[in-house]
Structure formats: structure tokens, C-alpha cells
Amino acid sequence: MLAIELTFPGGRYHATPWDAHVNEGVTEWPPSPWRLLRALVATRHLKAREEVSQETLEALIEALSAELPSYSLPGKVEGSHTRHYMPLFAEKTTKVFDTFLHVPGGERLVVGWPNITLDDRLSTALACLLERLGYLGRAEAWVEAKLCDASPAELDCGPVAAERAAEGSECDVVRVLAPVPSEELVRWRSAALDERITRALDEERRKARDKGKPADKVKLSPKKVVALESALPRTAYDALIAETDVLRKDGWNRPPGSRWVEYARPRSIAARGVVVARAKPQLPTVARYALAGQVLPRLADAVFEAEKVRVALLSQSDGAPVFSGRDGVTGQLLEGHRHVFIMPEANARHGRITHVTVFARMGFDENARASLERLRTVWQRSGHDLQYVLLGLGQPEDFGGTRTVSGQCPLLATAQAWVSRTPFVPTRHPKRGGGGEPKRDEHGLAIGSPEHDFVRLVMEQGFPRPLRVERVPETDLGGKPTPWLAFRTDRKRGAGRRAGVHGVGFRVVFPHAVRGPIAVGYGAHFGLGYLVPCSPD
């Protein structure tokens, strides 16, 4: 086991979390893995260039990023702060709250990686960097650091996986920033690059159309593609050295290549007065509606109904980012499909839309919730507007299940086997080799085929690689087998990458049960490409 010991000779630890303002009075405790690794990088560049080579530093960061560390935290920690007036300009001042933790000099903090063992080269480099590490957090948070011996049993603060610390338990859940592991970073970078290229190409084509030029012949220059590639980190080291002001200017809400991780920290270590960066209250991510009207729309027209719902929510919310898909300040597209998926459902025998589920990974803030609550009617061309009745706001587990007669939502259920309910529209074309034969990946799938594209997109959303992916020709609507050709698969508004006009359907089996929603492909945010649970046989 690899372990390091930190002590604070000045008795103070100052560190403001990434997503907090200094005047919020919040201290990052324990020190995040992101902060620790950035401190090592800075120490090498300032104090150990001759002793630790660039190659060794990158290898060390790669090794320490492969596993989330756990901590043994000092028990005698107290929170405190000072208040003073900071001069601005023209003899004006602003009041500043300077929050810190008091850590007695004899108390030590241990950071351990139970499954990491460094070779002699990396261990020597780490020992050198720790010896020359002067502070952690703010410059006045003096620190002394060294390698130490520790056992996993000593580590009382570690990451929590699927389960969170329950109310009334002996732990608080705190949120810290950590690097993304290498394999996950590769997948994230590929998806982010594809999205940025698509966004840039759409923008160039829009400019061409505005000038009256043919848009279908517009291509991105190699220089532009290289610039887009260079903006995304390839390794954990690249992510750590990105400048904060540049990231904020580019519209990132956190450093690319980073992730939020929740840790369970024993309450016994939090002495009086300690204010730490706890996991923020969970925003609702699901809004579910029941529909009423003289003529309910067909599920085959789900994409049209979803577009009308989005227009209504944009109007109600004055273009909130969770509905527009764009950053409210920079106007840039949000990364990672965090904005709304609007998914119409047909849960009755007649095969028409009975419910609409609105899901957003980023959650609905106060403005978005108010807009969802104000959504009462949606315009219909027939003149018979639909009534939308909000059933509730919450998390997928609050609504998910396969008992539709009890009001449960199959889209949000947990299952191992899933089947398409609306058609998946691919976003890529098949790739062929010199002899005309399809190129195949390491799993035997034809690259660019609908199956390959489906698996790629599912994994980009964090789901495991499916064990089986089989095509299905149709779905059941109103007791009738309905082929995918019967569905509308083109949006009336907006753009998006697609390969061909028609959609396909799949039956998918994962290695273990996963929770929905699963919605991928062209138009996935507008009712296309979503799946529901089915029998695993």
C-alpha cells in the first residue's frame, strides 16, 4: 500500500473547493485528490526540475490517478475564520470571510492508495516532491509531507459507490474533485471531440447557408480539427496543468478530465465549528406528466410532441440551459448530454402517448422546476390542445418500474435486458476497407454499423458494454406490430448528426442490471432511440 503523511506546522488549512466562492465559508476537507496531484505537479515545476524528469512526473501522475485514495483524518480539527475588508479601487473595500481549519501541529493526515505500489523510480520521485512541498491549498497553509507506513484498516474516510451514507449514520457525505482514470478519459475525450467537431461543422454550415452557399460541401479544415483536439486533455497530467482562468473562459463548469466523487467522512472527526464542502442537495432530475385530451398523439409521432414540449419549456423558463442545451453565459453547447431528454410513453392498450417523462442529468434548479410546474397545455395542430398534468418531480428511482398499471415508468426501471421502444437513428456511416469489406472492431462489430454506433453511444453515457445486441424489426402499439418505418425520425427544428433516414431497433442484454433511462442516437433528446425493460431470455 502507498501512503503519505501530511502535517500542518502552522496549524491552519486553507482550501476553497472548485465550485465554491471564498465568501461561502466552505473548506475542502479532506483535501481532494485533484488538489494533491496539482500540488505535486507545481512542486516539480518550481523546485525539482533537475531531480524529477517530465517523463517521470507524467508516469507518477498516471499511477496516482488510477485509484481513488482513502484518508485517515485527524480527530482534533476546529473550524474558524477571520473577517476583514479587502481594498478594491477608488478607496472602496469589500468584506471578506477568510475561512480555515485549525489542525494542531501534532495531528497527522494520512492519504493512502491501498492497491498501488510504485517502482523505485516513481517512489524516489514522489519522496522528493513531498519533501519539497511547501503548502497545500492557499500559500499560508504550510504543510510537511513524507511517505509513511500505514495499513488500509487505518483509513476511515473513503469513496462511496452506489450507496450513500444514510441519514442518521455515523458518516457525512462530502464531494471532492478527482482525475478521471485513463480508460474512462479516453472514452470521454473521443465523445467530447466528436461533439465539438459536430458543433463546429454545424456552425460552419449555418454560416454558409446564411451567405446563400451550399452547406453540404462545407468541411472543417485540418487546422480547425487539430485546434479542437488540442483543447481536450489526452492524459491526467494534461488535465491537471490546465489554467483555471482559461477553463472558465472556455465555459467549462469544472476542469475537463475531472469528476466529482462522493466520500463518506466519519462525523466523529468533525469537531465544533468545522464547515466543510458537503455534497450539495440533490436536485430533481425527473419530471413526469400524464396527458389528457380528446385526441392523444401517436407514439410514432413522439419526436414532434417532444419538440413542442421543449418549445413550451423554453418559453416558460426564458431559455434555461437545462432546456436549451446551451450555457447561459457563453452560449456554448453543454457537454455530456446533461440537458433534457423528453420521452413520450404509450402505456395503454390504444398505443397512443399517455405520459411524458422529462429527464436531465444536470438536475432542475429553482427556475427550471417552476417552469415544469407551469407547463399545463401543449399546442396541437388539430386544435385540441393536450393537457399536461405534473405527476411529480424527483429521481429515477422514485418513478421507475415495470408496473404501468400502478403508474410506474418503465423508462426509469432497473433491468438487465432492454428493448427499443422508439427507433434508434444512427449517427455514423459504416466504414469499409480497400476491398470493400467492412472494417471491424476488436469485438467483431462492423465499424460504423448501427450496432457498433449503438454500443459506442451507450458506453459513452456510462453504461457497461452489452453482452448481446440483436436487431428487432418492430414494437407493439395498440396490440399491433408496428415497424420502425412507421415512426417519424426527423426533427422539424434544429440539426444533429445522423446517418440515413430510417431507424432500427435492438434487444440488448447487459452484464448486470442497469437503471434507465437509456436513450441514444439522433433525436435521443426528443423521444427517439429509447429502450424499455424486457425479458432476458
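The values are calculated or read from the model by the stated rules, or taken from the named source; none is laboratory data. Small disclaimer: the values here were computed from a predicted structure and weren't measured. Ideal geometry is used to build each Cβ from the backbone, glycine not excepted, and the neighbour counts take in all protein chains shown.
Within region 294-303, the only residue that satisfies the criterion of being surrounded by fewer than 20 Cβ atoms within 10 Å (Cβ to Cβ) and in a helix (DSSP H, G or I) is Asp301. Selection of first residues in region 40-63 that are closer than 18 Å to Ala139 by Cα and of second residues that are among the basic types (Lys, Arg), restricted to Cβ pairs under 8 Å at least 6 apart or on distinct chains, gives the following pairs, ordered by first then second residue: Thr43/Arg132; Lys47/Arg132. Test Glu55 against the criterion of being at pLDDT 90 or above, within 30 Å of Glu183 (Cβ to Cβ), assigned to a loop (DSSP other than H, G, I, E, B) and of a type outside the set (Ser, Thr, Tyr), and give yes or no. No. Looking only at residues of region 317-331 that are modelled with pLDDT of 80 or more and in contact with an Asp or Glu (Cβ under 9 Å, 6 or more places away or on another chain), we find that the one that is surrounded by the most Cβ atoms within 10 Å (Cβ to Cβ) is Val322.
Here Glu195 fulfils each of the conditions (1) modelled with pLDDT under 85; (2) within 30 Å of Arg38 (Cα to Cα); (3) assigned to a loop (DSSP other than H, G, I, E, B) apart from (3). Taking the numbered list (1) loosely packed, with under 14 Cβ neighbours inside 10 Å; (2) modelled with pLDDT of 90 or more in turn, Val509 passes all entries but (1). The listed residues are Pro430, Pro450, Pro438, and the only one of them that is touching a residue at least 24 places away in the same chain (Cβ under 8 Å) and not acidic (Asp, Glu) turns out to be Pro450. Residues of region 437-472 that are of a type in the set (Asp, Glu), out of contact with any helix residue (DSSP H, G or I) (no Cβ under 9 Å at 6 or more places or on another chain) and surrounded by 14 or more Cβ atoms within 10 Å (Cβ to Cβ): Glu451, Asp453.
Exactly one residue out of Leu372, Leu393, Leu314 is outside any loop (DSSP other than H, G, I, E, B), free of Cβ contacts under 8 Å to residues at least 12 places away in the same chain, within 25 Å of the chain's Cα centre (by Cα) and more than 24 Å from Thr482 (Cα to Cα): that is Leu314. Residue count for region 198-219, restricted to those that are outside any helix (DSSP H, G or I) and surrounded by 15 or more Cβ atoms within 10 Å (Cβ to Cβ): 2.
When restricted to residues that are assigned to a strand (DSSP E or B) and under 25 Å from Gly351 (Cβ atoms), region 415-455 contains 6.
This table checks each residue for (1) hydrophobic (A, V, I, L, M, F, W, C); (2) more than 16 Å from Arg288 (Cα to Cα).
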{"position": "Ala320", "(1), (2)": "yes, yes"}
{"position": "Arg326", "(1), (2)": "no, yes"}
{"position": "Gln332", "(1), (2)": "no, yes"}
{"position": "His339", "(1), (2)": "no, no"}
{"position": "Leu375", "(1), (2)": "yes, no"}
{"position": "Val389", "(1), (2)": "yes, no"}
{"position": "Thr404", "(1), (2)": "no, no"}
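Restricting attention to region 458-483, the residues being among the polar types (S, T, N, Q), farther than 23 Å from Glu195 by Cα and out of contact with any Asp or Glu (no Cβ under 9 Å at 6 or more places or on another chain) number 1.
Let's see how each residue does on (1) within 22 Å of Trp418 (Cα to Cα); (2) of a type outside the set (Asp, Glu); (3) not assigned by TED's automatic domain parsing to the domain that holds Val520:
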site	(1), (2), (3)
Lys431	no, yes, no
Gly436	no, yes, no
Gly444	yes, yes, no
Glu451	yes, no, no
Gln461	yes, yes, no
Leu467	yes, yes, no
Glu474	yes, no, no
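From the list Ala499, Ala495, Ala486, the one residue that fits, being modelled with pLDDT under 95 and touching a His at 6+ places or on another chain (Cβ under 6 Å), is Ala499. With respect to the conditions (1) at pLDDT below 90; (2) within 25 Å of Val340 (Cα to Cα); (3) of a type in the set (S, T, N, Q), Thr475 falls short on a single one, namely (1). Of the numbered criteria (1) surrounded by 14 or more Cβ atoms within 10 Å (Cβ to Cβ); (2) in contact with a helix residue (DSSP H, G or I) (Cβ under 9 Å, 6 or more places away or on another chain); (3) part of a loop (DSSP other than H, G, I, E, B); (4) not aliphatic (A, V, I, L, M), the one Thr475 fails is (3). Selection of first residues in region 142-154 that are on the phi < 0 side of the Ramachandran plot and of second residues that are in a strand (DSSP E or B) and of a type in the set (Ser, Thr, Tyr), restricted to Cβ pairs under 6 Å at least 6 apart or on distinct chains, gives the following pairs, ordered by first then second residue: Trp142/Tyr135; Val143/Tyr135; Glu144/Thr7; Glu154/Ser72.
Using the structure shown, decide if Ala141 is outside the structural domain of Val514 (by TED's automatic domain parsing) and modelled with pLDDT under 90. Criteria met by Ala141. Among residues of region 299-311 that are in the same structural domain as Trp379 (by TED's automatic domain parsing) and among the basic types (Lys, Arg), those with a Cβ under 9 angstrom from a residue that is surrounded by fewer than 19 Cβ atoms within 10 Å (Cβ to Cβ) and modelled with pLDDT under 90, sequence gap 6+ or separate chain, pair up as Lys308/Trp379; Lys308/Gln380; Arg310/Arg493.
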